[in-house]
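Enquirer: Got a structure here, written out as structure tokens. Questions coming.
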Amino acid sequence: SAGFGRKTGFCLPERAGQIPSMEAKKRLYGESWTVYDTCLVSIGQGIILLTPLQAAVYVSAIANGGSVMRPYLLQEVRDTNGNVLYTKEAPEVVSELKVKKENLEIVREGMYLVVNGEKGTAKKAINDRMTISAKTGTAEIGPKNDRKTNTWLIGFGTHNNRTYGFALIVQEGVSGGSTCAPMIRQFFQTWLDAPDVKEEELKQEAVQ
């Protein structure tokens, strides 16, 4: 229901990824599933593959209350005369997360603390544009004698009544908190609009 192991339905080429299973392990490695594999899956590790887009769709579902949406690029297209040539229909819900609302709220609270808590691992994502909730991750890749790490940060935040979901991956980074979090901070600091100057001027004139 979270969208892993299947394509998101995006308009550009994408991959379905992979969900850990007995069949997948047998096909990839010619080995049988073990208790160790079950332990790995229980903590989000093992032979799982997902794209950054899948991760962004998933974390957006956490943010919006459980609806897994189909991502799209264009909302509207107009010609030079302002005539509407194309308008995106209502956003499409692909599936729902199979989780109780109260449990989803616990997850969101935990993600808030990852950034804003005293011992949060992604405190470097804090910015003055919006409050971010997130989860760091480190994916091990390569052979055991030459192991590298791909670092992740997924999360969401609300600015001017719009909620944004994001997923960032940096290949061969140090950690999600030290590598990705500062990039997310810089992105939202520079991308989101500063307070409207005209609006502030009108407020000051009203006071005078």
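The values are calculated or read from the model by the stated rules, or taken from the named source; none is laboratory data. This is a predicted model, so every value here is computed, not measured. No Cβ is skipped: glycine too gets one built from the backbone with ideal geometry, and neighbour counts run over all protein chains shown. Ligands, DNA and RNA are stripped out before the accessible areas are found, and what is left, the full protein with its side chains, is counted by its heavy atoms. Shrake-Rupley method; radii C 1.70, N 1.55, O 1.52, S 1.80 Å.
Enquirer: On average, how much accessible surface per residue is there in the stretch 43-172, in Å², for a 1.4 Å probe, leaving out ligands, DNA and RNA?
Expert: Ligands and nucleic acids excluded, the result is 64 Å² per residue.
Enquirer: Put W191, W33, W152 in order of accessible area, largest first, 1.4 Å probe: what do you get?
Expert: Details: W191 130, W33 70, W152 40 Å².
Order by accessible area, largest first: W191, W33, W152.
Enquirer: Separate question: If we count every other residue with Cβ under 10 angstrom of L53's Cβ, Lys/Arg +1 and Asp/Glu -1, where does the sum land?
Expert: Computed value for this residue: +1.
Enquirer: Still on this model: Rounded to whole Å, give me the distance from the Cα center of the stretch 51-100 to that of the stretch 104-120.
Expert: So the separation of the two Cα centres works out to 25 Å.
Enquirer: Here are labelled values, (1) 42, 41, 33; (2) 75, 46, 36; (3) 67, 41, 32, and one is the computed Cα extents along the principal axes in Å for what I pasted. Which one?
Expert: Entry (2).
Enquirer: Turning to a different aspect of this structure: Please list 182-189, 156-163, 79-86, 49-56 highest first by mean number of surrounding beta-carbon atoms within 10 Å per residue.
Expert: Values: 182-189: 16.6, 156-163: 13.6, 79-86: 7.2, 49-56: 19.2.
The most tightly packed comes first, giving 49-56, 182-189, 156-163, 79-86.
Enquirer: Report the one residue of I62, Q18, V107 whose Cα lies farthest in the direction of the positive end of the charge dipole of the chain (charges on C-beta: Lys and Arg +1, Asp and Glu -1; origin at the Cα centre).
Expert: Q18
Enquirer: Could you give the dipole magnitude of the stretch 1-110 about its Cα centre, charging the beta-carbon of Lys and Arg +1 and that of Asp and Glu -1, in debye to the nearest 20?
Expert: Dipole about the Cα centre, nearest 20: 240 debye.
Enquirer: Given K98/K123; K7/K101; K26/K148; K7/K119, which pairs have Cα atoms separated by over 32 Å?
Expert: Those over the limit are K7/K119.
Enquirer: Using a 1.4 angstrom probe on heavy atoms only, work out the carbon and sulfur share of the accessible area of the stretch 25-152 in %.
Expert: 55 percent
Enquirer: List every residue whose amide H lies under 5 Å from the amide H of E96, counting only residues 5 or more places away in sequence or on a different chain, with H placed 1.01 Å from N in the peptide plane.
Expert: Amide H neighbours of E96, under 5 Å, 5+ apart: V68.
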